[in-house]
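Have a look at the structure below, then the notes.
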Amino acid sequence: MVEREPPRPGLLGLYHGVPLTARSVGDSFRMPDQITIYQGPHERMSRNPAELEKNVADTVWHEIAHYFGMDEPQVRRAERRRRLRD
């Protein structure tokens, strides 16, 4: 897949679609949702391959949270709880 240019500097990922909480069984056909992960920002912020892997995993988790209907403040709170738990 071709990497898209991030809409703003430092953006790590982007969820494109309709969150599950906004869907209905009566909805007509639509294209599948898509999560874009931006390679460049991840590589620039990571000091080694292990940190890169963790940063990408964290970004995927973040974007999947948007898929499940969480807005940005809710995702940030959940990420803080997740870090405390780990």
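The values are calculated or read from the model by the stated rules, or taken from the named source; none is laboratory data. These figures come from a predicted structure and were not determined experimentally. Because the Cβ atoms are built from the backbone with ideal geometry, glycine has one as well, and the counts that use them run over all protein chains shown.
I'd like to know if region 37-46 contains one or more residues that are closer than 22 Å to R8 by Cβ, assigned to a strand (DSSP E or B) and not hydroxyl-bearing (S, T, Y).
Checked against the condition, which is being closer than 22 Å to R8 by Cβ, assigned to a strand (DSSP E or B) and not hydroxyl-bearing (S, T, Y), region 37-46 yields at least one hit.
Yes/no matrix, rows are residues, columns are (1) modelled with pLDDT under 90; (2) touching a Gly at 6+ places or on another chain (Cβ under 8 Å); (3) of a type in the set (D, E, K, R):
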{"residue": "M1", "(1), (2), (3)": "yes, no, no"}
{"residue": "R4", "(1), (2), (3)": "yes, no, yes"}
{"residue": "R23", "(1), (2), (3)": "yes, no, yes"}
{"residue": "T36", "(1), (2), (3)": "no, yes, no"}
{"residue": "V56", "(1), (2), (3)": "no, no, no"}
{"residue": "H66", "(1), (2), (3)": "no, no, no"}
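Looking for whichever is without any contact (Cβ under 8 Å) to a residue 40 or more places away in the chain and out of contact with any Pro (no Cβ under 8 Å at 6 or more places or on another chain) here; the options are V25, V60. Which one fits?
Of V25, V60, the one residue that is without any contact (Cβ under 8 Å) to a residue 40 or more places away in the chain and out of contact with any Pro (no Cβ under 8 Å at 6 or more places or on another chain) is V25.
State all residues of region 47-86 that are outside any helix (DSSP H, G or I) and hydrophobic (A, V, I, L, M, F, W, C); if no residue qualifies, say none.
The answer is F68, M70.
Is there any pair linking a residue in region 29-47 that is without any contact (Cβ under 8 Å) to a residue 12 or more places away in the chain to one that is in a loop (DSSP other than H, G, I, E, B) and among the charged types (D, E, K, R), with Cβ under 8 Å and at least six apart or on different chains, and which?
So the pair list comes out empty.
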